[in-house]
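The next block holds one structure in the form of structure tokens; read it before the comments.
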Amino acid sequence: MTSTTTHSPSAPNSRTTSKAVRLLGDRRMPVLATALLFLVMYIASLSRYQNYGFAEPQVFMNLFIDNGYLLVAAVGVTFVILSGGIDLSVGSMIGFTTMFTAWLVERQGLPLLAVIPMALAVGALAGFLMGYVIHNFEIQPFIVTLAGLFLFRGLCLVISKESISIGDSSVTSMAQAQVPLGMGFLSIGAIVALVVLAVAFYVLHYTRFGRRVYAIGGNEQSAMLMGLPQGGTKIAVYTASGFCSALAGLLFTLYIQSGDPLHATGMELDAIAAVVIGGTLLTGGSGYVLGTVFGVLVLGLIKTIIQFEGTLSSWWTKIATGVLLCAFILIQRAMTARKKT
């Protein structure tokens, strides 16, 4: 009598489902997805625009040169979102910094090296005050930073209702300076952005402060029961975001060489989009600053593709950003649902 073994047809499917579930539960998955997306977009662009110089190493370097200020702003926003908050004042702070710097350099005759620490101090102080109000008065970050958005955009108009061009030779020489790197070069703004990225990576992954940021963003009640200093951490996070916004404003000033009341309008949304596309959960507690880099590079690559295409409107950048943002929010939703099961 021969015995027969029955194999359940659902066994392979269950294994496949189990692998998919484990993949969704991996915290690195959104970052890897963003990196893969950038790689696919870049390879496709190399193929499509190979006769237009896209393969030149400088084209890749220009992604950092043209988006260095956004990278710095997005790094600051990464700290805030990881802690479970939000910062809507970023774009207005960048615009205010351009006006503040242009006004002091052009109208008051101050040297740029004296203006830089003043601008950074204003940004850090603004972030500190917003963090203080959020923590001590228990007001939603959305409301407090929205107030900051209107406040600093209004201060731009108080300084001047017109654009202020910067003709100072030190600003021009700093803006045009090139740091050679083998087959290409980077601007000072891009170098500063990479330094900020390196510092943020170290702080978030190798310091107690970074661990507190993740803990508070992951579960604030548990962090409180563990005795973590919530108030100090929250205030420090918004201070860091304000500092990064002011620094991004200085880099944007070098990039544009002018101050304008409307500079960086809506850039806070670009920074938040870059952070979310980079894999940081909007609910906080999960994400990597390296993912933010890929988020910024993806947005920058979209702009570059549109420039090389020549026939597309710049508004396609917003459309593509919206589509990617929706896609990555759905990924986040799937991850969150996996954690609850």
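The values are calculated or read from the model by the stated rules, or taken from the named source; none is laboratory data. Nothing here was measured: the structure is a model prediction, and the numbers come from that model. All Cβ positions, glycine included, derive from the backbone under ideal geometry; neighbour counts span all protein chains shown. SASA here: full protein model, heavy atoms, side chains in, ligands and nucleic acids out. Shrake-Rupley method; radii C 1.70, N 1.55, O 1.52, S 1.80 Å.
Per-structure values
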quantity	calculated
5 angstrom amide H check on THR280, placed H, neighbours 5+ away	TYR288
Aspartates and glutamates whose Cα lies under 15 Å from that of LYS303, excluding same-chain neighbours fewer than 8 positions away	ASP66, ASP270
Carbon + sulfur, % of accessible area of the chain - ligands and nucleic acids excluded, 1.4 Å	66 percent
Span-rule helices in the chain, defined as complete DSSP H runs reaching 20 Å or more along the axis (Cα) with Kyte mean at least 0.5	29-48, 57-82, 112-136, 141-159, 188-206, 230-256, 289-309, 315-340
Relative contact order (percent, whole number), region 53-187, Cα cutoff 8 Å, 6+ residue spacing	37 percent
Solvent-accessible area per residue, Å², over region 97-179 with all protein chains present [probe radius 1.4 Å]	55 Å²
Net charge of neighbours whose Cβ lies under 10 Å from the Cβ of ALA102, counting Lys and Arg as +1 and Asp and Glu as -1	-2
Listed values (1) 18.7, 55; (2) 30.3, 104; (3) 22.4, 102, entry calculated as Rg and Dmax of the Cα atoms in Å	(3)
Taking region 186-341 and dividing mean pair separation by its residue count, relative contact order in percent (alpha carbons under 8 Å, at least six apart)	19 percent
Given charges at beta-carbon only (K, R positive; D, E negative), |dipole| of the chain in Debye	1320 debye
Debye-sum result for region 247-341 in log10 I(q)/I(0), which assumes one identical scatterer on each alpha carbon, at q = 0.14, 0.15, 0.18 Å⁻¹	-0.63, -0.70, -0.93
Environment charge of TYR202, counting only residues whose C-beta is closer than 14 Å and scoring Lys/Arg +1, Asp/Glu -1	+2
Under DSSP loop assignment and at most 13 Cβ neighbours within 10 Å, longest GluC sites (Glu not before Pro)-free interval of the chain	163-341
Cα gyration tensor, region 137-244 - rounded (a/c under 1.5), prolate or oblate	oblate
Label-point separation, TYR132 to MET29 (7 Å along Cα→Cβ), nm	4.3 nm
For the chain: relative contact order, % (alpha-carbon pairs under 8 angstrom, 6 or more apart)	34 percent
Value at 222 nm in deg cm²/dmol, rounded to 500, when DSSP H runs of n ≥ 4 in the chain each add -39,500 (n - 2.57)	-24500 deg cm²/dmol
